[in-house]
1. Tell me which residues, restricted to the stretch 155-175, are open to solvent by 20 Å² or more (accessible area, probe 1.4 Å) and either closer than 17 Å to residue 134 by Cβ or in contact with a strand residue (DSSP E or B) (Cβ under 6 Å, 6 or more places away or on another chain) (or both).
2. Within the stretch 102-152, can you find the residues that are open to solvent by less than 60 Å² (accessible area, probe 1.4 Å) and within 44 Å of the chain's Cα centre (by Cα)?
3. What number of residues within the stretch 129-186 satisfy the criterion of being in a helix (DSSP H, G or I), touching a helix residue (DSSP H, G or I) at 6+ places or on another chain (Cβ under 9 Å) and more than 22 Å from residue 105 (Cα to Cα)?
4. Which one of the conditions (1) in a helix (DSSP H, G or I); (2) among the hydrophobic types (A, V, I, L, M, F, W, C); (3) in contact with a helix residue (DSSP H, G or I) (Cβ under 7 Å, 6 or more places away or on another chain) does residue 101 fail to meet, given that it meets all the rest?
5. Taking the criterion of being β-branched (Val, Ile, Thr), within 25 Å of residue 199 (Cα to Cα) and touching a residue at least 24 places away in the same chain (Cβ under 8 Å), would at least one residue in the stretch 161-183 satisfy it?
Amino acid sequence: MAEERKTLTLKRPAPKADVNEPAADVIKTPASLSAPGTVTVRKGKKTIVNVTQPPKWKKKKPTAPPPVAKKEKLKPAPKPKPAPVAKVPKKVKPPRSPRRVTLEYAIAQLAPHWPELFNPRGLKLMAIGLQAQLLQDIQTRNLPLSNKVARRCLHAVSHSPEYLSLMVAGMPRYGLNGEEQGIVTKAEQAYAFDKMSEIWQLRVKAPILSEVPHE
């Protein structure tokens, strides 16, 4: 029979463990103490370090937990719009009466309230102090006539040429109800004459309006 040829190999067979060989000593060294999972074994003259647990730098970092979905903030409900406030209409002021009024306008304002004294058909001379009595009567009777308009109307009547021409010494004066209250003196007659001259001069420079709106 032919002899079997041995196959050459570079691998050396592992030495068989000797049963009678004493067990290796386990030694605790600073390296094994500092690195958990490291065991230092001395076998004969050689010291073998067996790493049973990988070092910390080789350990896999724990995976971060999945991000928690943020809760969407609920938008606050829109505030109800306030109900529109009805605009209060502004009071329309009546047009102002001019400072100078005509005799016709003055009689038209005064005659409805004191017909015995202010008559469109003919003028009567007013008693001294009549203005204070007339303003008091407006408040007492609550007449729809302002004090300002009343003063301007009285001024228009007493300074008109038609009224001043009646101021003759001895002529009677009348109250609100048409009763006689005193007479015209000579001094008042002279005053009326001088006043008529001034009025005619003023009328030439600033004529009076014929139409005046009611206040």
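1. 155, 158, 159, 170, 172, 174
2. Those that are open to solvent by less than 60 Å² (accessible area, probe 1.4 Å) and within 44 Å of the chain's Cα centre (by Cα): 135, 138, 143, 145, 146, 147, 149, 150, 152.
3. Number satisfying all stated conditions: 0.
4. (1)
5. no
The values are calculated or read from the model by the stated rules, or taken from the named source; none is laboratory data. All values derive from a computational prediction rather than experimental measurement. For neighbour counting, all protein chains shown are included, and Cβ atoms are generated from backbone atoms with ideal geometry for every residue, glycine included. Note: areas computed on protein heavy atoms with side chains; ligands, DNA, RNA excluded. Shrake-Rupley method; radii C 1.70, N 1.55, O 1.52, S 1.80 Å.
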